[in-house]
Structures are given as structure tokens and as C-alpha cells.
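Take a look at the structure set out below.
Just so it is clear, none of the values below were taken in a lab; they were calculated from the coordinates. Owing to the predicted nature of the structure, the values given are computational and were not obtained by experimental measurement. Cβ: placed from backbone, ideal geometry, glycine included. Neighbour counts: every protein chain shown.
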Amino acid sequence: MEYQKENLPGDPIHNQAQDILNTIHTACTQFHISSLNRQIESCESLFVENQLIDVAILGQFKAGKSSFINSLIGKPILPVGVIPITTVITRLQYGPTERAYIRYFDEKQSEVPIQEIDEFISETKNPANKKNVEFVDIKHPALKNYVGLRFVDTPGLGSVFKYNTAISEEWLPNVGTAIVVISSERPLSENDLKLIRELMGYTPKIVLLLTKVDLLSPEQQGEVIKFFKDSLKRELNRDFQILPYSTVHGTEIFKRQLDHLFSSLSENRDSELKNIVHYKIRSLVKSCIGYLEIALKTSLNSDRDRNELKKLILGEKVNYEIIQSELSLIARENMLQTRTLIATYLENTQRSTLTAKLTKKLSEEMPTWKGNLWKLTRRYEDWLMETLTKELGYISKNEYKHFFGTLKKTQTSISRSVTLFRNLLDANIEKVLGIRLTSPDWIIEVSDPSHPDVGFIKVFDFHFDLLWFLFPMLIFRRIFEKHFLKQIPRVVEIHLSRLAYQWEVRINKVIEEMKNQALQYVHDEIKTIDALLSQARGQTDTIKHIMRDLQEKMEMLKS
């Protein structure tokens with residue numbers, strides 16, 4: 001599979017946009033503005049031949065993104081399930097035949113049968129993306145009407161923090177058109193608003209897809225859509241197109257609305273791409289000028305004033321070491337509580353129920369087992385393995401939200417600390433220089449361990465089953481059956497403890513990742529501001545020239 005990398009030839013509008021991008025890249029390099037690197041890379045990726053418009057299917061996990069794409073294609077290509085499934089980004093576009101390609105982080109590529117892609121996409125078969133897959137690319141003839149578009153299915157999206165791969169957030173600036181999927185099972189959440197607000201910085205076209213509307217009556221659908229429109233207008237001061245969708249009832253009617261949207265994008269790809277380029281460049285220019293204003297104000301001050309500015313803006317309360325200690329303490333204290341909270345919940349809500357359920361099942365099934373003590377013991381062990389795997393899997397899939405206590409506490413505490421840091425830094429910059437920078441949003445989500453670990457159970461302290469020939473079952477069977485039944489409470493206790501441990505490992509890994517990403521963000525912001533305050537000395541004319549140049553070039557691009 002080939003990935004085009006050649007520059008677009010001769011298009012004056014693209015040449016103007018590329019010129020602006022070059023100016024921004026030079027300015028960021030000269031003044032060490034590392035905070036804009038990701039946006040610059042995203043914009044640069046737009047200047048290639050045969051550029052596709054990435055239609056990103058975004059939203060919180062379990063909103064129905066993969067199910068929607070399967071419905072659009074008319075075939076269950078992407079894996080779906082009752083737990084968060086998608087673990088890597090999957091991209092789908094038109095091709096004359098069904099083909100699937102796996103692209104790894106080491107840039108190696110391979111082609112696989114399309115029916116095997118769940119081995120790389122799903123959390124169940126590729127937990128935590130252990131196979132190091134960067135993308136799964138699929139070509140399919142069902143997308144013939146949408147040539148020039150590439151549909152992108154993402155893992156459940158968080159704005160800054162997420163489990164499995166950070167690629168959802170890193171990829172976000174690449175969005176061409178955003179389809180934000182929101183399930184009608186729940187109201188518009190603060191996380192949805194944060195996602196839409198962030199997308200507004202990357203793309204001019206955002207459409208909300210309200211899924212699972214078959215759960216609502218027509219009147220309720222109208223009420224929900226009106227509520228969403230009013231809420232979005234009030235919170236974001238903008239009108240958004242909201243389309244209802246269901247994969248159960250009325251699918252073809254809903255698909256016709258989307259077909260009009262996607263066909264228009266496909267037919268007008270060149271003009272749509274220009275709009276996307278303009279939008280992303282404008283957003284990038286605005287951010288770059290904001291940082292350059294800091295450099296300009298710094299350059300205009302004397303050395304003494306610059307040192308005072310640095311003390312005020314990068315004061316003790318935004319010191320990296322202090323923030324590092326604070327975030328590490330938050331993470332450590334919550335990680336120490338994870339196991340206890342999960343084990344307590346399982347003890348209080350699951351132990352007695354599971355014990356009674358297994359005892360009843362065993363009492364019903366054991367009389368049908370045939371054979372001597374050796375065969376009876378092996379049958380019992382197999383039954384335990386099979387039954388516990390099923391029951392613990394059910395608990396894991398249906399109760400996982402109750403295990404997120406420390407995760408939510410950590411997210412709230414870290415979010416509060418980083419937001420306070422950002423607000424303090426912004427306030428200091430505004431107080432000293434009269435400039436206000438944009439603050440980020442903070443979200444966290446996690447997937448569950450899909451395969452509970454059921455370990456070997458020792459049935460006897462002494463291997464009586466090896467001496468099976470000494471125990472005629474006609475006489476001793478009832479004794480051994482009672483022994484098997486008596487073991488059930490201990491077996492349940494052991495395996496609920498093992499399940500709690502698995503969740504502890506999984507959740508604490510996310511907490512550690514959350515802390516590290518927050519610290520990286522703080523480090524990059526401090527580094528950028530520090531560089532602007534330290535290295536802008538005596539460059540007033542250069543900075544003014546760059547800012548004026550960017551503004552003039554943007555006016556030319558608009559016209």
C-alpha cells in the first residue's frame with residue numbers, strides 16, 4: 001500500500017497556505033514555541049497529492065461509532081461489543097475490492113484478510129495495543145459513492161488523557177470533517193461539549209450524530225434534538241447540524257440524510273479541502289501570534305524588567321518541581337486505594353451471589369458426571385475453569401464502572417491541579433503582558449480486562465484422586481461431592497481477589513500514564529514560555545515583522 005508524500009503542484013491558494021505555514025514553522029523554531037509542533041505537523045500533512053478528507057467518527061466510548069460505520073458499509077467489518085472495543089485507529093475508504101492493511105509504529109506494513117482485522121483492532125485480541133499497530137487501513141467497494149473521503153474510526157476519545165494509545169488525541173488535529181457520535185441513552189455531557197469545543201479549533205465542519213434513536217419515540221427524538229441544539233447554542237454560541245441515526249429501525253431513511261452530507265463532501269472535495277486548510281491555518285496563526293505577543297512584550301522590556309517578568313510569570317506556584325511532587329502524591333495516594341475499593345465492592349455485591357450461583361449450578365450438574373474419583377476430579381476442575389471464566393467475565397463487563405473510584409478521583413484531582421497551573425500561568429501572563437492564552441480541557445477514559453484470569457484450583461491437600469482405585473464411588477461419591485461443594489466459597493474468594501488485582505494493575509497503569517501526560521504538558525508549557533521570556537531580547541523588529549507578515553498573508557489568503 002502506497003502513501004503519497006509529494007507536494008501539490010501549482011495551486012496558488014495552497015502555495016499561499018504553505019508560505020504561511022513555513023513562516024510559522026520558522027518562528028516556532030526561532031523562538032522555541034514547542035507547544036504548536038503537533039498542529040504544524042497536521043497542517044503540513046494536508047499538502048500532498050490526492051489528499052483525502054478524513055471524516056472522523058468521534059465520541060466517548062460505547063457511543064456506537066463502530067456500529068455506525070458497519071451500518072454505513074452494510075457489513076459487520078468492525079468489531080463491536082458490550083465493552084469498549086476499539087483499541088487502534090481504523091481508516092476506511094473506497095477500493096474496488098475488499099482489502100485490509102496493517103501499519104505498525106515501526107513503519108512496517110502488511111496485508112491481512114479483512115475478516116481478521118479484529119485481531120489488531122479489538123481490545124480483546126490486541127489488549128493495550130500490544131501489537132504496536134499505528135493504523136488499520138481498509139478499502140471497500142461499498143464506499144464507492146464517497147471517493148475522496150476516508151472514514152476514521154477512533155478509540156473512545158478523551159481530550160488529553162486516554163487509555164491504550166495516546167493516538168486519538170495526537171490524531172485530533174488531522175480531522176477534516178468531524179462526526180461526533182452521541183448516544184441517545186444519555187444526555188449531552190460536559191465531556192461532549194469539551195470535545196466539540198476542541199474540535200472547533202481544528203475543523204469548520206462538525207456534525208452531531210445522535211445514535212440509538214430507536215430507543216426514543218418520534219416526539220422524544222424531537223425533544224432531545226431541540227435540547228441539544230439549545231444547549232450547544234448556549235454553551236458554544238454556534239449552530240450545529242444534528243442527525244438522528246439507528247442501526248435497528250429506519251436505518252435506510254437515516255442513511256439517506258448522511259448520504260447527502262457525504263456525497264456533497266466527495267463531489268466538492270477540492271473546495272472542501274481548501275476550506276479545511278484555511279480553517280486550520282487561521283487557527284494556527286492565531287495561536288502563533290498569541291505566543292509571539294509574549295515574545296514582543298518581553299523584547300520591549302529592559303533586562304531588569306524581563307527578569308521581573310520571568311519571576312512573576314514563572315513564579316514559585318508554577319514551578320515544575322512543585323507540580324511534579326503534587327501530581328506524584330495524588331497518583332500514589334489513589335493507586336494505594338485502588339485494590340481496596342475494588343475488593344470491597346466485589347466482596348459486598350458479588351461474593352455471596354456468585355457463591356450461591358456456583359453452588360446451585362454444581363449441585364445440579366454434578367450428579368450427571370460419570371467415572372471414578374480421578375475422572376470426577378478432572379471434570380470438576382474443568383467445570384470450575386469454564387464456569388468461573390464465564391461468570392467473572394460477566395462481572396467484569398457489567399460492573400466495571402463501579403471499579404473506577406480511584407481513577408475518577410485521580411482524574412478530578414490532576415485535572416484540578418493542572419487547570420489551576422494553567423489558569424495561574426494565563427493570569428500571570430495577562431496581568432503582566434495583557435495577553436490571554438487558550439486553556440485546554442481534561443478527560444480520562446479506560447477499557448477493562450476482557451479475559452479474567454482463572455487459575456488452577458487445588459482440589460485436595462493430598463492427591464486422593466491418584467489413589468482412585470481405593471475409593472469405590474458407590475460408597476464414597478457423596479463424600480467427595482460434599483467436598484467439592486464445600487470448596488466453592490474459597491474458590492470464589494480467591495478469584496474475586498484475582499479479579500480485583502487485575503483491575504488494580506489496569507487502573508493504576510492508567511493513573512500513572514495520566515500523571516506522566518499531565519507532567520509532560522506542564523513541562524512543555526513552562527519550557528515554551530520560559531524560552532519566549534529568555535530569548536526574545538533585542539528582537540522587537542524581527543517579531544513585529546513576523547507578526548505583520550502572518551497577518552498580511554492571512555488577509556491575502558482570505559481574499
Compute the length gained on full extension between Lys144 and Arg186: take 0.36 nm times their separation in residues and subtract their Cα-Cα distance, giving the result in nm to one decimal. 11.7 nm
Testing the spin-label approximation: label points 7 Å from Cα along Cα→Cβ at Leu312 and Val207. State their distance in nm. 4.9 nm
Quick check: pseudo-label points 7 Å beyond the Cα along Cα→Cβ at Thr412 and Asn516, how many nm apart are they? 2.6 nm
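By how many nm would the segment from Arg548 to Ala356 lengthen if fully extended, with 0.36 nm per residue of separation less the alpha-carbon distance? Present the calculation step by step, with values, prior to reporting the outcome.
Details: separation 192, 0.36 × 192 = 69.12 nm, distance 7.56 nm.
Contour length minus the Cα-Cα distance gives 61.6 nm.
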Whole-Hz couplings from phi, Karplus 6.51/-1.76/1.60, listed for the stretch 132-142; x for Gly and Pro: 6, 8, 8, 9, 10, 10, 10, 10, 8, x, 5
With r as the distance between the Cβ atoms of Thr349 and Arg478 and R0 = 35 Å, compute the FRET efficiency 1/(1 + (r/R0)^6) and round to 0.05. 0.55
Place a point 7 Å from the Cα of Met556 in the direction of its beta carbon; the residues of the stretch 16-55 whose amide N falls under 11 Å from it are 16-20
Output the pairs from Lys131/Lys409; Lys194/Lys226; Lys125/Lys397 with a Cα-Cα distance over 21 Å in this structure; if there are none, say none. Lys131/Lys409
